[in-house]
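Notes for the one structure printed next.
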Amino acid sequence: MASIARIGIDTSKSVFQLHGVDEREQVVLQRKLRRRQFLTFLSKLESTLIGLEACGGSHYWARQLQALGHTVVLVPPQYVRPYVARGKNDAADAEAICEAISRPRMERHFVPVKTADQGAAQMLLGVRDSLVRRRTQLTNSIRGHAAEFGLITAKGLSKIEPLLARIAADDALPALAKEMFATLGQELAELASRIAAVEAKLMAWHRSNELSRRLAEVPGIGPIGACLLPIKIANPQAFRSGRMCAAWIGLTAKDHSTAGKQKLGGITRAGDETLRATLVAGATAYIQHVSRGHTKPSPWLVDLLKRKPPKLAAVALANKTARIAWKLMVSGQRYDRGIAAAAA
């Protein structure tokens, strides 16, 4: 087989499409492999550059290919799509991946390969998130069913237990309805214990991680955000500046400028949705503390709140928080309020 300069691979559960080119950009490899043949075939090739689309299973395959001596890069699917010539099939996707990883400007969009430990930590956060969503769904279900019997309560997790107590004490309710509410209440109690156990593991991970502890010192970053940042941004050195990091998260404005006229829109919402939402939620909570007089804000934030509504200010503060977090991650420094105030 001719020397292969790089290979683009389109992955799936059981079928893998390979597209390889040599130094002259001539196609030298086009092959479809089953899952059991994949690693065996690539172990026989000389070390080369391999591109995969970033997805849930791509990190596992990247680690396996790196163990074989290959250099592996992960490309977000939205940056591969423009290189698909026509149609949509596995061969065209593999060719597009091979083409995309050859462009120098794509290097800043590559996704760092997560280690197994980083994947486990991300799974911990994902399990907590799914349990919390299920708890919200369950409480809404209880409130909705109770309203059908004329029992109304305000929103909030703290209002559910009193509502269940009222239901249990209401003799006018049918026995079957009480039994169903008891089933929902039991599931809610089990969910609460599971969430508490997962959050205990999360806090233990947070306390054992030096970077996570340093990030938690930044105003607007709590334990969840401090855990998310080092897990989601596995390689902060990949960004040239804090602004590039904030842009990757999706906290910078869309640019619609042309003919020398600058026109900025809303934030791009690119990057990781969970990390972006957590940073904005932390910024919103910090602004609420400021409005209640519980903390002294920086002059920059005071001026911003005078000119802009709180929600817009929260997004701007989240952007600033992301830049500060990037600086702490790449420098190894601790957060200093004096330096932050002077910079503002």
In nm², the average projected area of the convex hull spanned by the Cα atoms of the chain is 24.9 nm²
Please give the FRET efficiency for Arg207 paired with Lys261, using the beta carbon to beta carbon distance and R0 = 51 Å, rounded to the nearest 0.05. 0.50
Heavy-atom accessible surface of segment 254-344: percent carbon and sulfur, 1.4 Å: 53 percent
Starting from the Cα gyration tensor of segment 1-80, take the square roots of the eigenvalues, sort them a ≥ b ≥ c, and report rounded, prolate or oblate (rounded when a/c is under 1.5, otherwise prolate if a/b is larger than b/c, else oblate). rounded
Over segment 13-54, with every protein chain in place, what whole percent of the accessible area is carbon and sulfur at 1.4 Å, could you tell me? 41 percent
Order Met106, Met329, Met123, Met180 by their accessible area, 1.4 angstrom probe, all chains in place, largest first. Met123, Met180, Met329, Met106
Longest DSSP-loop-exposure-free segment, GluC sites (Glu not before Pro), the chain, at most 16 other Cβ within 10 Å: 218-344
Approximate spin-label separation Lys44-Arg133, in nm, with each point projected 7 Å along Cα-to-Cβ: 4.3 nm
On alpha carbon coordinates alone, what is the Rg over Rh value for segment 154-237, Rh being the Kirkwood radius? 1.25
Between Lys88 and Ala67, what length in nm is gained on full extension when 0.36 nm per residue of separation is reduced by their alpha carbon distance? 4.5 nm
Say each of Arg334 and Phe149 gets a label point 7 Å from the Cα, pointing the same way as Cα to Cβ; how far apart are those two points in nm? 5.5 nm
Positive end of the dipole of segment 127-216, charges at C-beta (+1 Lys, Arg; -1 Asp, Glu), about the Cα centre: which of Val198, Pro174, Asn209 has its Cα farthest in that direction? Asn209
Under the Karplus curve 6.51 cos²θ - 1.76 cosθ + 1.60, θ = phi - 60°, whole-Hz ³J(HN,Hα) for segment 320-332, x wherever Gly or Pro sits: 5, 5, 4, 5, 5, 4, 4, 4, 5, 5, 8, 9, x
Given the C-alpha centroids of segment 229-265 and segment 125-161, what is the distance between them in whole angstrom? 36 Å
In Å², what does the accessible area per residue of the chain work out to with a 1.4 Å probe? 57 Å²
Trypsin sites (Lys or Arg not before Pro) restricted to DSSP loop in segment 261-344 with at most 16 other C-beta within 10 Å: Lys263, Arg269, Arg292, Arg334
About the Cα centre, charge dipole magnitude for the chain (Lys/Arg +1, Asp/Glu -1 at Cβ), debye: 940 debye
The chain - share of DSSP beta bridges that are antiparallel (%, nearest 5): 65 percent
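The values are calculated or read from the model by the stated rules, or taken from the named source; none is laboratory data. If you're wondering where the values come from, they're calculated on a predicted model, not measured in any experiment. A quick note on method: Cβ atoms are made from the backbone with ideal geometry, for glycine too, and the neighbour counts reach across all protein chains shown. For the accessible areas, the whole protein counts, side chains as well, though only heavy atoms, and no ligand, DNA or RNA atoms are used. Shrake-Rupley method; radii C 1.70, N 1.55, O 1.52, S 1.80 Å.
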